[in-house]
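What follows is one structure encoded as structure tokens, with my remarks underneath.
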Amino acid sequence: MQFISTRGGMTPAGFTEVLLSGLAPDGGLTVPDALPSLTRETLESWRRLGYAELATEVIGLFATDVPREDLARLTAAAYSPDRFPAPIVPLRPLTRVADGLELVGLSEGPTMAFKDLAMQFLGQAIPYVLAKEGRVLNILGATSGDTGSAAEHAFRGKDNVSVVMLSPHGRMSDVQRAQMYSLDDPNIVNVAVHGVFDDCQNLVKAVNADPEFKARNSVGAVNSINVGRIAAQCVYYVWAWLRATDELDDAERSGAQVDVAVPSGNFGNIYAGHLAREMGVPIRRLILATNENNVLDEFFRTGVYTPRSREDTLATSSPSMDISKASNLERFVFELLGAKEFSRRWPELEARGSLDLSDQQARFESEFGFVSASSTHEERLTAIRLVHTLTGRLIDPHTADGVTVALALMEPGFPTLVLETAKAAKFGATVAEALGGEQAVDEAVQALLDAPQHVTELDNDLDALRSLIEEHALRA
Ligand SMILES: *Cc1c(COP(=O)(O)O)cnc(C)c1O
């Protein structure tokens, strides 16, 4: 498989080449130049594979330049029992809530959020590529919670990667903070910036705007547009369909389709689902769910994409979906329009602050299976309560967004799989609010909260950050 840029200005490159780059050199996003087709026979031949083995098959469709035995070693390490206690991705029926409704457990990893599934693969694949090329990478990121902790847990202890992660001082949940600041590995540097998340992001942008500094200090990123993350996310869509159809007989299986509901922010998770569907995984509809920051829901319902300003982005009870623009959407629009039409119409976004594709809106569902809706804070609380009362299970506010939207849009006869994107314990305060009272904190979480924390405080100051990077950066 070769990757090209949505903006047309990049020589086609293989997986290992685009794995370490963020945006394409022309400012676009990298996309596969063509997708393979998976037949039902191929899917059936994968039914007995364990998660890591399935990951080798699915990621192998993208990483055609990585020798198969190397890829098998990387996935075995990424999805080993010490990182993901079995079962890695369990399916849990919520029949009492609605017939055909199931949760897909994506948050069994070390930081209790779905981002671990992709990041743990990068934690193996990136050091592997760097070692081959005799390079190092100093990852610089800004986090409001889930991405930063997943990255730190994936790269801790690696000898050719360091992580400098900026977080807003005093503004994360206790569990998110403890997951990051409790790490004591020399290659992990937690920086609490005196400011808000936007300040952290602006500092990262300012560093990235200086190519000489970046090159001299081997500065890079592992954000949600990373191709390795997208490839690794495709795996659980295949896994979820296989597990959802395990109990069916051969005749039933051959026609079986599922709907998948995805709590969405940057369009990274659901874009992987879209690729899986395009390759032939029997997904009927992709149900996109947003919170009050509904820029994506608006796009899929009206065809008009209008990124919000920072000031118009609300702080909600599902904070990992609080986005002002959806970084991965450009990839879908490129596929929708084709290269030529894309280059004609995409610049409208820059020029007018909005992109009107309402003439294409009917195709979203008919060709690509996308439907969408959004939830409010009250609806998420109701969903948490409902699921807990009827099944005894706790869900987090992001998953509650998925459940709310799934219940609104699901249709009889089609199993609807809601991706569980975080564990309830990670967002205990909102879960407690929903259930009316203090939530008991489990032992493992309490131990994490009690562990000593390591963090460097920093003023919102670019020079101070540059000095800190120069001091900690690994050198080839
Ligand atoms: C990152 C995240 C999301 C949003 O995923 P995207 O890939 O940005 O659409 C949803 N829920 C949780 C818990 C997350 O951490």
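The values are calculated or read from the model by the stated rules, or taken from the named source; none is laboratory data. These figures come from a predicted structure and were not determined experimentally. Cβ coordinates were reconstructed from backbone atoms using ideal geometry, including for glycine residues, and neighbour counts include every protein chain displayed. Just the protein is used for accessible areas: all its heavy atoms, side chains included, with ligands, DNA and RNA removed. Shrake-Rupley method; radii C 1.70, N 1.55, O 1.52, S 1.80 Å.
Right, Ala118: surrounded by fewer than 20 Cβ atoms within 10 Å (Cβ to Cβ), at pLDDT 95 or above and among the aliphatic types (A, V, I, L, M) or not? Criteria not met by Ala118.
With respect to the conditions (1) crowded, with 22+ Cβ neighbours inside 10 Å; (2) within 23 Å of Val189 (Cβ to Cβ); (3) of a type in the set (A, V, I, L, M), Leu106 falls short on a single one, namely (2). Report whether or not Glu108 is closer than 17 Å to Pro90 by Cα and away from the ligand (no atom under 16 Å from the Cβ). So Glu108 fails the test.
Out of Pro32, Pro93, Pro81, one residue alone is exposed (fewer than 14 other Cβ atoms within 10 Å of the Cβ) and either within 19 Å of the chain's Cα centre (by Cα) or over 24 Å from Asn138 (Cα atoms) (or both). It is Pro81. Checked against (1) among the β-branched types (Val, Ile, Thr); (2) without any contact (Cβ under 8 Å) to a residue 60 or more places away in the chain; (3) more than 13 Å from the ligand (Cβ to nearest atom), Val295 passes all but condition (3).
The numbered conditions (1) open to solvent by less than 50 Å² (accessible area, probe 1.4 Å); (2) within 21 Å of the chain's Cα centre (by Cα); (3) more than 16 Å from the ligand (Cβ to nearest atom) are all true for Trp46 except (2).
Does Ser167 fit the bill of being open to solvent by less than 10 Å² (accessible area, probe 1.4 Å), out of contact with any Lys or Arg (no Cβ under 8 Å at 6 or more places or on another chain) and assigned to a strand (DSSP E or B)? Against the criterion (open to solvent by less than 10 Å² (accessible area, probe 1.4 Å), out of contact with any Lys or Arg (no Cβ under 8 Å at 6 or more places or on another chain) and assigned to a strand (DSSP E or B)), Ser167 does not qualify.
When the helices (runs of 4 or more DSSP H) confined to segment 355-467 are screened for residues that are buried (at least 20 other Cβ atoms within 10 Å of the Cβ), those reaching at least 2 such residues are found at 377-391, 397-409, 428-435. In the set Leu419, Leu407, which member is more than 14 Å from the ligand (Cβ to nearest atom) and hydrophobic (A, V, I, L, M, F, W, C)? Among Leu419, Leu407, only Leu407 is more than 14 Å from the ligand (Cβ to nearest atom) and hydrophobic (A, V, I, L, M, F, W, C). No other residue among Ser320, Ser327 is in a loop (DSSP other than H, G, I, E, B) and within 11 Å of the ligand (Cβ to nearest atom) apart from Ser327. Can you find even one residue in segment 137-146 that is within 14 Å of the ligand (Cβ to nearest atom) and not small (Gly, Ala, Ser)? Yes. Among the residues of segment 233-248, those identified as touching a helix residue (DSSP H, G or I) at 6+ places or on another chain (Cβ under 8 Å) and more than 16 Å from the ligand (Cβ to nearest atom) are Val238, Trp239, Trp241, Leu242, Thr245. Leu314 meets all of the listed conditions (1) outside any strand (DSSP E or B); (2) in contact with a strand residue (DSSP E or B) (Cβ under 6 Å, 6 or more places away or on another chain) but one, namely (2).
To keep it simple, each residue is scored yes or no on (1) open to solvent by less than 10 Å² (accessible area, probe 1.4 Å); (2) out of contact with any strand residue (DSSP E or B) (no Cβ under 6 Å at 6 or more places or on another chain); (3) under 30 Å from Ala276 (Cβ atoms); (4) in a helix (DSSP H, G or I).
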| residue | (1), (2), (3), (4) |
| --- | --- |
| Ser149 | yes, yes, yes, yes |
| Val163 | yes, no, yes, no |
| Val191 | yes, no, no, no |
| Cys200 | yes, no, no, yes |
| Ser224 | no, yes, yes, no |
| Arg229 | yes, yes, yes, yes |
| Trp239 | no, yes, yes, yes |
| Arg243 | no, no, yes, yes |
| Glu247 | no, yes, yes, no |
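Counting the residues of segment 152-173 that are at pLDDT 95 or above, within 15 Å of His454 (Cα to Cα) and not charged (D, E, K, R) gives 5. Restricting the search to helices (runs of 4 or more DSSP H) fully inside segment 7-92 and requiring at least 3 residues that are of a type in the set (Val, Ile, Thr) gives 51-62.
Please specify each residue of segment 249-266 satisfying the condition of being within 16 Å of the ligand (Cβ to nearest atom) and either touching a strand residue (DSSP E or B) at 6+ places or on another chain (Cβ under 8 Å) or in a helix (DSSP H, G or I) (or both). Of everything in segment 249-266, those that are within 16 Å of the ligand (Cβ to nearest atom) and either touching a strand residue (DSSP E or B) at 6+ places or on another chain (Cβ under 8 Å) or in a helix (DSSP H, G or I) (or both) turn out to be Val260, Ala261, Val262, Pro263, Ser264, Gly265. Can you confirm whether Asp198 is within 25 Å of His398 (Cα to Cα) and away from the ligand (no atom under 16 Å from the Cβ)? It is true that Asp198 is within 25 Å of His398 (Cα to Cα) and away from the ligand (no atom under 16 Å from the Cβ).
Look at segment 257-282: where a residue is open to solvent by 10 Å² or more (accessible area, probe 1.4 Å) and among the basic types (Lys, Arg) and a partner is assigned to a helix (DSSP H, G or I) and more than 12 Å from the ligand (Cβ to nearest atom), sitting 6+ places away or on another chain with Cβ atoms under 9 Å, you get Arg277/Tyr237.
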